[in-house]
Amino acid sequence: MKIDCLNRKIIFLFIAAVYGLVLAACSLKDEGFLKIKSVSECVSDKKSLADFGSDAVKLYTDDRGSRWIEFSAMWYGREPVNEIKYSYSGDTLKVELYKKMTVAPGFNCPVWVKAEVHGNLDAKYLYVNAETFKL
Amino acid sequence: MVKNMKRMLFLILFVCSFVCAQRQGLPSLFSVGGFAVQKYEANWANEFPGGEDGLNVLVSSMERHIKDKYPSVDLSSTKYFNSAATRKNFLDAKTNNLNFLYYHGHGNANFITMWDKYQYVYNTQKKFKNYWVMLVACNVFRNGLRPDGKTPYSNQDPWFDGVHSILGFASIVWGGTLSRSCGFLNLSTCRQHSWDMEEEFAERWIKNKETIWSAFKYAVYNQLYDFGDKYERNKPYLKGIIPKIVYRYGKINGVSFEPYEEKFENAYQGPIFQNNYDGIASRWVTYGTPAYED
């Protein structure tokens, strides 16, 4: 009986642990490493990200201690961004603005993106829309 | 002596009026094709859906209607998709051999966007010698003045070097597929494809023998605007659109001609108004409330 009970406890604890891990993973995913604060309208008279040069990226900490990253990216004008996807490739943080779209306008322009950084930004470069910028 | 010279001059003019006159009618060979940039190199610009289907549908529809209506006309087609739709290929002289040149991709006032990273083609960099060009791209022919109040958004004349007319847009144009629930108990899905515009245009212009402008503006109205209230117009760029035709006009064979009226079966063969023309004109129609920057 005791063994059965112990087994049940172990199983329960195992399930709880798995559930906890899934929950943690989900909450991490929801939280996001980069959380979009704002996406500007089209930046006038700029045709490509190369035009921005070294001004394309800003990384700073505000008075409240929050860390922010601002960068330029190509996007469909005022179409809202739904998601910001990111991954690391060595010391480069790859970022992609994303929205599932079955229709889209035939228009692309550079916009400014402001995102809050949660956690450690362990990268020296930012790669966005086929352009690499030094952080 | 003088009488003989006059006779000779008259004879030369008489013969020249036949030989030198610009021929109207069907071409012996009709070549159609173009460039569809749906995706961009390393995603340097965002995807513009509908380009591959747009080019395929335009070419196949034109070929089908020409075979049905004018079987004596030989056909050829050339298609450049995505990674082949480079700036180099677009500027290559062989694209001038296409009677009908099509482009589908991102654009803005005075330029279009090619596959390769940061590569654009501006109005001053490409002079069309084709008979007809269709640019399915946003704002290339945008109307009005820039915020400085002096400079026009677009200048169309630099694109011209013999091209009869260029079809395009003065507003945002959309591409892709709209879908909605429909049918019994809304259990089915109905779809509206942007490339139905190219299909209807080819049918109207070639099969129904409409003028090029009539074919284009009604195809745009029916397929890119008047899909009715059945589909949700939840994007600014679905609320309106401005199709536009641009052309040089003047006299050909002593007769005034405005190429917006050109029909497929009696089109002038060869480039027109390369040097001698009276001016440049455009026609457009505003459907709904168009957007310009999204």
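A search for C-beta distances below 7 Å between a residue of the stretch B:126-145 that is on the phi > 0 side of the Ramachandran plot and any residue that is part of a loop (DSSP other than H, G, I, E, B) and not hydrophobic (A, V, I, L, M, F, W, C), counting only pairs 6+ apart in sequence or on different chains, returns B:N139/B:S171; B:N139/B:Y292; B:G144/B:Y153. Within the stretch B:158-181, at least one residue is among the β-branched types (V, I, T), at pLDDT 95 or above, surrounded by 14 or more Cβ atoms within 10 Å (Cβ to Cβ) and over 21 Å from A:F107 (Cα atoms). Would you check if there is a residue in the stretch B:124-143 being away from chain A (no Cβ under 14 Å), of a type in the set (A, V, I, L, M) and touching an Asp or Glu at 6+ places or on another chain (Cβ under 6 Å)? There is no residue in the stretch B:124-143 that is away from chain A (no Cβ under 14 Å), of a type in the set (A, V, I, L, M) and touching an Asp or Glu at 6+ places or on another chain (Cβ under 6 Å).
Taken as a whole, the condition of being buried (at least 19 other Cβ atoms within 10 Å of the Cβ) and more than 13 Å from the chain's Cα centre (by Cα) does not apply to B:M134. Where strands (runs of 3 or more DSSP E) sit wholly within the stretch B:98-153, those with at least 2 residues that are at pLDDT 95 or above and within 26 Å of B:S28 (Cα to Cα) occupy B:100-104, B:132-136.
Put simply, of B:D68, B:D74 the only residue that is modelled with pLDDT of 95 or more, more than 25 Å from B:I172 (Cβ to Cβ), out of contact with any strand residue (DSSP E or B) (no Cβ under 9 Å at 6 or more places or on another chain) and acidic (D, E) is B:D68. Counting the residues of the stretch B:61-84 that are in a helix (DSSP H, G or I) and under 16 Å from the mean Cα position of the chain (by Cα) gives 2. Specify which of the listed residues (B:V59, B:V37, B:V32) is crowded, with 21+ Cβ neighbours inside 10 Å, modelled with pLDDT of 95 or more and closer than 30 Å to A:E79 by Cα. The conditions single out B:V37.
Regarding B:E63, is this residue farther than 19 Å from B:H164 by Cβ, away from chain A (no Cβ under 14 Å) and of a type outside the set (S, T, Y)? Yes. Being within 17 Å of B:W159 (Cα to Cα), in contact with a Ser or Thr (Cβ under 8 Å, 6 or more places away or on another chain), buried (at least 17 other Cβ atoms within 10 Å of the Cβ) and in contact (Cβ under 8 Å) with a residue 12 or more places away in the chain is a condition met by at least one residue of the stretch B:255-264. Within the stretch B:85-97, being part of a helix (DSSP H, G or I) and in contact with an Asp or Glu (Cβ under 7 Å, 6 or more places away or on another chain) holds for one residue alone: B:R87. The residue pairs whose first member lies in the stretch B:173-187 and is more than 14 Å from every other protein chain (Cβ to nearest Cβ), whose second member is outside any loop (DSSP other than H, G, I, E, B), and whose beta carbons are closer than 6 Å, counting only pairs six or more residues apart or on different chains, are B:C182/B:S188; B:C182/B:C190.
Just need a number here: residues in the stretch B:157-172 that are touching a Gly at 6+ places or on another chain (Cβ under 9 Å) and either more than 14 Å from chain A (Cβ to nearest Cβ) or more than 25 Å from B:T211 (Cβ to Cβ) (or both). Qualifying residue count for the region: 2.
Do we find a residue being surrounded by 12 or more Cβ atoms within 10 Å (Cβ to Cβ), out of contact with any helix residue (DSSP H, G or I) (no Cβ under 7 Å at 6 or more places or on another chain), more than 12 Å from every other protein chain (Cβ to nearest Cβ) and within 30 Å of B:A109 (Cα to Cα) anywhere in the stretch A:89-105? Among the residues of the stretch A:89-105, not one is surrounded by 12 or more Cβ atoms within 10 Å (Cβ to Cβ), out of contact with any helix residue (DSSP H, G or I) (no Cβ under 7 Å at 6 or more places or on another chain), more than 12 Å from every other protein chain (Cβ to nearest Cβ) and within 30 Å of B:A109 (Cα to Cα), which makes the answer no. Test B:F227 against the stated conditions and say whether it is crowded, with 21+ Cβ neighbours inside 10 Å and touching a residue at least 12 places away in the same chain (Cβ under 8 Å). No; evaluated as a whole, the condition is false for this residue. Taken over the stretch A:118-135, residues that are surrounded by fewer than 18 Cβ atoms within 10 Å (Cβ to Cβ) and among the β-branched types (V, I, T) amount to 1.
For the stretch B:115-123, the criterion of being at positive phi and buried (at least 17 other Cβ atoms within 10 Å of the Cβ) is satisfied by at least one residue. For the stretch A:66-88, a residue qualifies if it is more than 10 Å from every other protein chain (Cβ to nearest Cβ), more than 11 Å from the chain's Cα centre (by Cα) and hydrophobic (A, V, I, L, M, F, W, C), and the qualifying residues are A:W68, A:F71, A:V81. Just so you know, in the stretch A:113-135 the residues that are part of a strand (DSSP E or B) and among the basic types (K, R) include one that is nearest to A:E70 (Cα to Cα), and it is A:K114.
The values are calculated or read from the model by the stated rules, or taken from the named source; none is laboratory data. Please read these numbers as outputs of a predicted model, since none were measured by experiment. Positions of Cβ are generated from backbone atoms using ideal geometry, with glycine treated the same way; all protein chains shown enter the neighbour counts.
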